[in-house]
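To start, the structure under review is shown below, and the notes come after it.
The values are calculated or read from the model by the stated rules, or taken from the named source; none is laboratory data. Note that this is a predicted model, so its numbers are computed, not measured. Every residue, glycine among them, receives a Cβ derived from its backbone with ideal geometry; neighbour counts consider all protein chains shown. Protein only, heavy atoms only, side chains kept; ligands, DNA and RNA dropped before computing areas. Shrake-Rupley method; radii C 1.70, N 1.55, O 1.52, S 1.80 Å.
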Amino acid sequence: MTYQNYSLKQLQQIDAAHHLHPFTDHKELREAGSRIISHANGPFIYDSEGAEILDGMAGLWCVNIGYGRDELAEAAYAQMKELPYYNSFFKCSTPTPVLLSKKLAEIAPKHVNQVFYGSSGSEANDTALRLVRHYWVLEGKPEKNRIISRKMAYHGSTVAGTSLGGMDAMHKQLGGAVPNIVHVMMPYAYELALPGESDHDFGLRAAKAVEDAILEAGADKVAAFIGEPVMGAGGVKIPPASYWPEVQRICRKYDVLLMLDEVITGYGRTGEWFAAQTLGIEPDTITTAKALTSGYQPLSALLVGDRITSTLVEKGGEFNHGYTYSGHPVACAVALKNLEIIEKEGLVERVRNDTGPYFAKALQERIAGHDLVGEVRSIGLMGAIEIVKDKATKERFLPSGSAAVIVRDHAIANGMMLRATGDTMILSPPLIWTRDTIDMACERIAKALDLAKADLRKR
Ligand code: PXG
């Protein structure tokens, strides 16, 4: 049974009848029908009507080496034939997670040398939460278990991921979060800086919110702070340079662990293997997934710093946690091949030295001046475009988020896939993009902005 035997209409009907989608209003979806992406190659995706669309989101922040990489398919095939599955419980292991762990320890910050596997970013954050709480129990401080996170953070969609995250709409449907997680302000200067406040001072003030939360609970009650280096799903919110070093200083001062969620930023997106390296900070845990396999297989890796692992090893006792697919041999084989390709093609260096700076300049020169654009910002190959009604006052169109959806729809119709989150357009292209691809994207985005402006004027 192959999909080619079905028409687009048939696939949409079957999809509506049987498939519940993530983060979807199913009433709306049934009226509109889903967009069915049937195949992809390099930087392009194709829908079942044959339209070619430049994928500005790398799937969902993950297909860093682009589509159609035979080597990854071959790595999966070879591993499936040799050993499709065996578990890593009960003192067993298989070769590919062993070698992948060694590779990850090589590219991670120096003090990070151990890996715990899962199949998704959400699972990895569940592991991280349980691990840091377990750490403090082993250290004889079980009451030190509060986690400080941030409003608008996205840490996944399981109960723990949602609880760690700071998305109101998700919390509303949770019916009870994991206890003892609090959320402080996000470091988003464009909307939250006071009049006349410099980015530097705003960054320090946003970090001070972490200190205030520690002092409010008492440092002996706080296990860890968790944050995305750059908030991704929340709208590519890039903190001022003063923020992360100050957060790290505060965590060290009060002996609070630092958990960095690099599910989006990991594996080259910011121009280093990890954003921890871009920011020069030393987190105790680094959550990664997505681009670890460029999305070709579901796999997450929680990278764990030496401070935590030495305690685990010294104190002993079982950490009662793990997944059937922890260290899945096929997913790990694909990850190894993916990292090899990133390295061989110099994609991390390319983002750092060439495409990242070019992307920033192109957004500034070709997009920032548009009437609908309040601000553009980027780090490496990760960018945001703020949609506003009035550039000077930063007034937004109402209802909130409606204008960005119009821009997105025009962009897709013009062969450019990007995401709208609230009033922000976000971009997270594959790292294989070249200067030419960036030029093509900017042209298509500028056109979408013009068309949206005309629509919005008519409203
Ligand atoms: N942490 C971060 C920082 C993420 O971005 C997760 C954890 C969870 O990963 P899994 O693999 O469980 O989905 C994510 C996922 C969006 C969008 O709309 C972003 C994500 C997932 C789905 C949609 O931008 N990020």
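Brief remarks follow.
- Accessible area per residue in Å² at 1.4 Å probe, computed on the chain: 44
- Calculated SAXS-style log₁₀ I(q)/I(0) at q = 0.10, 0.20, 0.21 Å⁻¹ - the range 87-175, Debye, Cα scatterers: -0.36, -1.09, -1.13
- Of His410, Thr424, Gly369, farthest towards positive along the dipole that unit charges on Lys, Arg, Asp, Glu beta carbons give the range 369-429: Thr424
- Reference-scaled alpha-carbon Rg (2.2 N^0.38 Å with N residues) for the chain: 0.98
- Rounded, prolate or oblate (a/c below 1.5 giving rounded, otherwise prolate when a/b exceeds b/c) for the range 330-403 by Cα gyration tensor: oblate
- Inter-centroid distance (Cα atoms) of the range 331-361 relative to the range 407-459, Å: 23
- Projecting the Cα atoms of Gly196, Asn180, Asn320 onto the dipole axis of the chain, where Lys and Arg carry +1 and Asp and Glu carry -1 at the beta carbon, places Asn180 farthest toward the positive end.
- Three-way shape call for the range 138-235 based on the alpha-carbon gyration tensor, with the a/c threshold at 1.5: oblate
- Given R0 = 25 Å, the distance between the Cβ atoms of Gln13 and Ala169 translates into a calculated FRET efficiency of 0.30.
- For the range 71-344, the share of accessible area belonging to carbon and sulfur comes to 55 percent (1.4 Å probe, ligands and nucleic acids excluded).
- Principal axis analysis of the Cα atoms in the range 246-332 yields extents of 41, 38, 13 Å, listed in decreasing size.
- The range 71-344 - share of DSSP beta bridges that are antiparallel (%, nearest 5): 45
- Computed with the Debye formula from one identical point scatterer per Cα of the range 318-459, without solvent, the log10 of I(q)/I(0) at q = 0.12, 0.15, 0.18, 0.22 Å⁻¹ comes to -0.59, -0.77, -0.96, -1.27.
- Estimated dipole of the chain in Debye, rounded to 20 [Cβ of Lys and Arg +1, of Asp and Glu -1, Cα centre]: 440
- Within the chain, antiparallel bridges make up roughly 65 percent of the DSSP beta bridges whose residues both belong there.
- Ranked by the mean number of other Cβ atoms within 10 Å of their residues, highest first, the peptides 322-331, 253-262, 117-126, 308-317 fall in the order 117-126, 253-262, 322-331, 308-317.
- Ordering of 130-143, 27-40 by burial proxy (mean other Cβ atoms within 10 Å per residue, highest first): 130-143, 27-40
- Listed cross-link partners Lys237/Lys290; Lys91/Lys221; Lys110/Lys337 are compared with a 31 Å cut-off, the Cα-Cα value being larger for Lys91/Lys221.
- Percentage of interatomic Cα-Cα distances in the range 385-459 larger than 14 Å: 60
- Here the Kirkwood formula, the inverse mean of 1/r across different C-alpha pairs, assigns the range 71-344 a hydrodynamic radius of 19.1 Å.
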